[in-house]
Structures are given as C-alpha cells and as structure tokens.
Amino acid sequence: MLGGSSATTPATSSLPPHMSAGLLPKLTIVTPSWNGERFIREAIHSIAQQRYPDLEHIVFDAGSTDNTLALLAQFPDVVVHSEPDRGIYDALNKGITQANGEIIGFLNTDDLYPDGVLVEIGSIFAREPDIDVVVGHSCLFETDDQGRRRRLFVRAHVNQNGLWLPELAFGVPGFNGCFFRRRVFDKFGYLNIKYRITGDREFLMRLAIAGARATRVERPAILYRAHAGSLSMNPGKSNLLRMGREYVDMALELAKANASNRELSRFFLAWHAFESVKLVVRRGQAGQLRDALALFAQLNVQNPLWPWRLFEAARIWRMVRDLDAPA
C-alpha cells in the first residue's frame, strides 16, 4: 500500500469503435458555490462544451450575496439549490445525495474541465465495471490581466493510479480530477465535514486504505485555477495555518483509527510529526508564539517519538517529490 509502483495498467482514453454514446453511463457533476460570480460562467461552459450525452450538473449554492444566482439563472439545464450549508464538503455531500448519475465528479466554480475529458472518463467506466475511481492528471494554471492562461504545473498521479498514500499525505492529490462510481460513497462513506478545507484529502486516503480500485486517464482531467480567492490554490497561501491544523488533527485521527495496522500507524504518526513541526514553525513565523509552544508541547505528549518519525517523514516526502515531480 505504501510502495511506489502502480498496481494496474493505466486505462486508454479513446472510445472504442463498437461503443456508442448511448452506452456511456449517466454522469453527474456537483459544484459547490458561494459568491462565485467571477468565474462560474467559465466553469459551466467548460462542462457544457464537453458534449457528454447524458450529463447532469448540480450546483449547491450556500446563499451567495453577489451576482452568482442571477448568472446561474441563465443556464436552465443546471440544477441549482440555494440553501445554507456547513462548508464545501457539506455541499458536496448534498450533491451526492441528489445526484442521478452512476458516475459523480466535482468541479469548483473557479476551475475548468479540459475539452473532451468527460467522454474519455465515461468510456473507461463503461468498459471497466469493476473500477471504482478514474483519476486524471491535475493541472494548475493562472491567468494574466488579458485573460491568457499560463500553466504552472501538471501532476500525473502515476503511483497506484492516484490512490498512493504517500502522495495523498505528503504530496498534492487531485480530488477534482477524480471521478467516482456512485457505489464508492455507499461503501466507503461521504466526505467528512469536520475538515473545512482538507476533507477531500482525507476522503481519498480512506479510499486508498480500503483498497478502492482505481485507474488513470493519461491526460489532464482538471484545470485548477490559482488566484487570491481560492481556499487552497491561492498564490499568497493565506490558509496555510488552517490547513496545517487540519492536517495535524487528521494525521493523529488516522493513526488512531489504524492502530491495529503497524505499517499504517507508523506512516500516519510520521505524517503527524511532519505536519506538527511545520505548523509550529509557521505559527512562530506568524508571531503566534504561545500557540506554537502549546502545539509543540502537544506534539511531545501525543507523539513522543516524533524526532525519529520526522526522519521517516522526510524520507517519504523526498520520495513523493522525486517520483511525481511537476511536469
């Protein structure tokens, strides 16, 4: 589970000649929304231009106060629910519950799908009924003042077909480039709303631990937009402290949940040491010295072997960096 090799051969992405569009499974895309007027039109167009034959797009809006709902009203084919929620993962869970598709994907209001990718995703699911998850490459881009796009990096998620636990913890998982068969949520549960920013990472880890069957499409499946308003893809990295706190809690929780599995427990305790030390340093740099000292004291109690585990964490981090470096 923690090794670096892929368990299966990546799927080919072309639609076989004998497969008609009518054989593609129904696909639902869920979009969480709150004050997304700046980019949501682009996101909707990126779905519509896919020309997928049986497509449902559901938007769960948390009560936007800008022009988002007025923009959404211009797209009658988009199913819109506007109601308060308990965060982005609550909105995604609501979308899963309402989805009619056999396959479910997620697109944020500020992100895009590459042209033609949904047909490729659907064809893989149609050909391979045992597959639970299809994973594509993740591309991060930014736009300049003239609207021109510049690619920042691409990650291919090559190891264990995107459900490689070291990358999910120490790297950059591409949740929105993953597409799931509906049974995944029935079998493994929904997203944990306790994590306000990082719940998608925890969900993918759960799938990896449980042995969900994944394969890959050899092309970008999601275009993440880097901009100041993004929760996790903002250039100023304004949410690092919040994300770090969630990672510390997540790592400890997963270590406890997998205490009977020595390999997994050691892995998550190494990750806990890694994230705790990073957060101590960042809190100190932010002038939050009291919080930094409290976190360091907590680390010594919760993970007393943390200095040794930090060496293991550094080894895993380097392995992830070297095996899936940005292209």
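Rule-based calculations on the coordinates, nothing more; no lab input. These numbers were taken from a predicted model, which means no experiment stands behind them. Note that each Cβ is placed from the backbone with ideal geometry, even for glycine, and that neighbours are counted across all protein chains shown.
Details
- The three principal axes of the C-alpha atoms in the stretch 21-225 carry coordinate ranges of 42, 39, 36 Å, sorted with the longest axis first.
- Taking all pairs of distinct alpha-carbon atoms in the stretch 133-277, Kirkwood radius in angstrom: 16.2
- Label-to-label distance, nm, for residues given as residue 130 and residue 291 (7 Å Cα→Cβ offset): 4.8
- Each of residue 54 and residue 305 was given a label point 7 Å from its Cα along the Cα-to-Cβ line. The distance between the two points is 5.1 nm.
- Taking one quarter of the surface of the convex hull spanned by the alpha-carbon atoms of the stretch 21-129 gives a direction-averaged projected area of 6.5 nm².
- Gain on full stretching of the segment that runs from residue 192 to residue 318 - 0.36 nm per residue minus C-alpha separation: 42.5 nm
- Both radii are taken from the alpha-carbon atoms of the stretch 105-193; with Rh as the Kirkwood radius, Rg/Rh is 0.99.
- Out-of-range pairs (alpha-carbon distance over 27 Å; input 187/256; 26/256; 26/194): 26/256; 26/194
- Peptide packing: for 149-161, 283-295, the average count of neighbouring Cβ atoms within 10 Å per residue gives the ranking 149-161, 283-295, highest mean first.
- Total formal charge among the other residues, if their Cβ is under 14 angstrom from that of residue 60, Lys/Arg +1 and Asp/Glu -1: -3
- Most mobile of 186, 200, 111 in a GNM of the chain (Cα contacts under 10 Å): 186
- Using C-alpha pairs under 8 Å with a sequence gap of at least 6, the mean separation divided by the residue count of the chain gives a relative contact order of 19 percent.
- Centre-to-centre, using Cα atoms only, the stretch 196-213 and the stretch 257-327 are separated by 19 Å.
- Choice from 48, 91, 210 with maximal GNM fluctuation in the chain (Cα, 10 Å cutoff): 210
- For residue 278, the lysines whose Cα falls under 18 Å of its own Cα, not counting residues fewer than eight places away in the same chain, are 237.
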